[in-house]
Amino acid sequence: MLLAGSVSNTQSGIRNSIQAMHMQMELMGIGNRNVQGFDKVGYQRQDAVVSSFAELIGIHAISEATDDRVGRIAKTMNPMDLAIAQKGYFQILNKDGSIELTRDGRFKLNEKGELLGLENQKVLTQGGSPIVLPFMPEKAEDIKIDNDGKLFVFNTQTNKLEYIDTIGVVSADGKTVLAPDIKQGCLEYSNVNLAQEFLEMLPYRKNFDANRQLFMLQNSALTSAIQQLGAS
């Protein structure tokens, strides 16, 4: 038995040039989103992943992978701001019941004593339940959160810090991070390096320009051929 196989690309040159330009635009789009996310709290850089036979598949060959390295941590002096100094994510419960993973630690308390995210999502404990304080602190500074995520509140009646619960920090696959190294009074900004993004976009732009010039040449030659056929 004889087995034979091959991959054949019979697409026209113009179509190949257009497809290549589409790919370069998609790759530049990923870089542009990273640049736009530079100053966003909790934003994680996206890496472009190009699969095999991209010249045949086109933009469907491009996927994105999350760069989970820790970003820039800055002090805010707000006790309700938290940053994770290790890899991992806070768990927040959306209004539709879905659980979202985020590194955005801009938290707040409502009148019920619930710890909420920026868009009023409920912050979850290690056990997966919403964090609710049994009593309201007089001021935000009465809330203390250690590196392991253990939340304490100063009780003015007993003059003691009382342990409430532990803020849940998990990996991307949902496993508990035992030593998240949480920084209270800090926020983590993106892990985007602007110089790296601009350098990586340079070859995409050059390839786009090269394919654009090739498209224009092929289009001009095809137009001339059609005109000559029409004149004969």
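Considered as a group, the residues in segment 51-104 that are β-branched (V, I, T) and within 18 Å of the chain's Cα centre (by Cα) include one that is most open to solvent (accessible area, probe 1.4 Å), and that residue is I99. Taking every residue in segment 15-26 that is farther than 13 Å from P203 by Cα and pairing it with any residue that is open to solvent by less than 20 Å² (accessible area, probe 1.4 Å) and part of a helix (DSSP H, G or I), at least 6 positions away or on another chain, the pairs with Cβ-Cβ distances below 7 Å are Q19/G58; H22/G58.
When segment 38-49 is examined, which residues are found to be hydrophobic (A, V, I, L, M, F, W, C) and either part of a helix (DSSP H, G or I) or surrounded by 13 or more Cβ atoms within 10 Å (Cβ to Cβ) (or both)? Across segment 38-49, the qualifying residues are F38, V41, A48. Residue count for segment 131-181, restricted to those that are touching a Pro at 6+ places or on another chain (Cβ under 9 Å) and either on the phi > 0 side of the Ramachandran plot or of a type in the set (K, R) (or both): 3. Of all residues being within 20 Å of V70 (Cβ to Cβ) and open to solvent by less than 50 Å² (accessible area, probe 1.4 Å) in segment 18-37, which is farthest from the chain's Cα centre (by Cα)? Just the residue, please. So the residue we want is V35.
Looking across segment 139-161, the residues that are outside any loop (DSSP other than H, G, I, E, B) and open to solvent by less than 60 Å² (accessible area, probe 1.4 Å) come down to A140, D142, I143, I145, L151, F152, V153, N155. Residues in segment 90-113 include at least one that is free of Cβ contacts under 8 Å to residues at least 60 places away in the same chain, in contact with a Leu (Cβ under 7 Å, 6 or more places away or on another chain) and either aromatic (F, W, Y) or over 23 Å from V41 (Cβ atoms) (or both).
The values are calculated or read from the model by the stated rules, or taken from the named source; none is laboratory data. It should be emphasised that the depicted structure is a prediction, and the values quoted were computed from it without experimental measurement. When we count neighbours, we look across all protein chains shown, and the Cβ atoms used for this are built from the backbone with ideal geometry, even at glycine. Please note that ligands, DNA and RNA were not included when accessible areas were found on the heavy atoms of the full protein model with its side chains. Shrake-Rupley method; radii C 1.70, N 1.55, O 1.52, S 1.80 Å.
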